[in-house]
Amino acid sequence: MSEGTYLNGNGNRQYGFNSNAKSFKIFIGYDSREDVAYEVCRYSILKRTSIPIEIFPIKQCELRQKGIYWRERGNLESTEFSFSRFLTPHLANYIGWAIFVDCDFLYLGDIKELFDLIDDKYAIMCVHHDYTPKEATKMDGAIQTVYPRKNWSSMVLYNCGHPKNRMLTPEVVNKETGAFLHRFQWLEDNEIGEIPFVWNFLVGHNAVVEGDPETYPKAIHYTLGGPWFEKWKDCQFGDLWLNELEEYKKSAEKKVDDLK
Ligand SMILES: [Mn+2]
């Protein structure tokens, strides 16, 4: 993959990067209908990181070309990365820890703090969202499907070297059901570590508690639809995403100017 970006702690590009240095891999689910969401998510991570990281988009068309993704698209798949996300350990060569995250995230915190939560005893770690039973009454009649571990797979730290994750081969990812994959059925419950919810703060589900900084999002997840869709321009925290978009556009323009 060619799109990895190496950064040092000051956010500057690092050339002659020492391949022995520990660099964390972040895979962002890419959907061609939400390209700008991907760009802003990526920008928000790079801008705030204090550790070297590499970011890769998970692009279904590329994976198909490489022959590691071949399953037919089902009509229940809401994004192009519904299933391909589970190739994360394979894409990381089953080595070290890597993060998978949906493209509809905006990071407000330093990703280092997330990596600091890593505990090698787990096969994966993620936010354990609880949708029962309040969600059924919350949405005012709007159709809201509820299923076990809903949204857990949208941001996952994978212990790619964990023996249990060896079983996430392309063959398995291409054939297993959505329930098997999204509910992490290849793992025991005690192999799934927990991350504070602020790292996958679901707009429309999670809430900031006045005066409690522990509840303020470190990563906002616009799971119902983000401000890149006209309909969701005014959603909660939509202004933060729009500000980030402006900054991203300016930095992209600057890069073009620098090349002149
Ligand atoms: Mn999402």
Query raised in the report: residue 250: which lysines have alpha carbons under 17 Å from its alpha carbon, excluding same-chain residues fewer than 8 sequence positions away?
Result: 47, 260
**Report entry** Proximal lysines relative to residue 121, as straight alpha-carbon distance under 21 Å, when same-chain residues fewer than 8 apart are discounted
**Finding:** 22, 25, 112, 164
Report summary line: When 122, 216 are arranged by how many other beta-carbons sit within 10 Å of their Cβ, fewest first, they go 216, 122
Query raised in the report: Does the chain classify as rounded, prolate or oblate by the C-alpha gyration tensor (a ≥ b ≥ c root eigenvalues; a/c under 1.5 gives rounded; else a/b over b/c gives prolate, otherwise oblate)?
Result: rounded
Query raised in the report: With each run of n ≥ 4 DSSP H residues scored as -39500 (n - 2.57), what mean residue ellipticity at 222 nm is computed for the chain after dividing by its residue count and rounding to the nearest 500 deg cm²/dmol?
Result: -7000 deg cm²/dmol
Query raised in the report: About its Cα centre, what dipole magnitude does the chain give when the only charges are +1 on Lys and Arg Cβ and -1 on Asp and Glu Cβ, stated in debye to the nearest 20?
Result: 760
Requested in this report: Give a residue-ordered list of calculated ³J(HN,Hα) values for region 160-168 (Karplus: 6.51 cos²θ - 1.76 cosθ + 1.60, θ = phi - 60°; whole Hz; x for Gly, Pro).
Outcome: 4, x, 5, x, 4, 7, 4, 6, 7
Report summary line: Scoring only Lys, Arg, Asp and Glu (+1, +1, -1, -1) among other residues with Cβ under 10 Å from the Cβ of residue 107 yields +2
Query - Contour excess over end-to-end distance, with Cα ends at residue 76 and residue 254 and 0.36 nm allotted per residue - result: 60.1 nm
**Report entry** Student exercise, region 74-125 dipole from Lys, Arg, Asp, Glu Cβ charges, in Debye to nearest 20
**Finding:** 180
Report summary line: Summing +1 per Lys or Arg and -1 per Asp or Glu among the other residues with Cβ less than 12 Å from residue 122's Cβ gives -4
Query raised in the report: Taking every DSSP beta bridge that has both residues in region 24-259, what percent is antiparallel when rounded to the nearest 5?
Result: 40
Query raised in the report: What ranking do 184-191, 111-118, 73-80 get when scored by the average of other Cβ atoms within 10 Å per residue, highest first?
Result: 111-118, 184-191, 73-80
Query - Residues whose placed amide H lies under 5 Å from that of residue 49, excluding near-sequence neighbours - result: 111
Query raised in the report: Which pairs in the list 59/150; 150/249; 150/231 are over 30 Å apart, alpha-carbon to alpha-carbon?
Result: 150/249
Query raised in the report: Farthest toward the dipole's positive end in the chain, which of 117, 146, 84, given Cβ charges of +1 (Lys, Arg) and -1 (Asp, Glu) about the Cα centre?
Result: 84
Report summary line: Given Cβ charges of +1 for Lys and Arg and -1 for Asp and Glu, the option among 226, 241, 67 whose Cα lies farthest towards the positive end of the dipole of the chain is 67
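Rule-based calculations on the coordinates, nothing more; no lab input. All values derive from a computational prediction rather than experimental measurement. Using ideal geometry, Cβ is built from the backbone for each residue, glycine included, and neighbour counts are taken over all protein chains shown.
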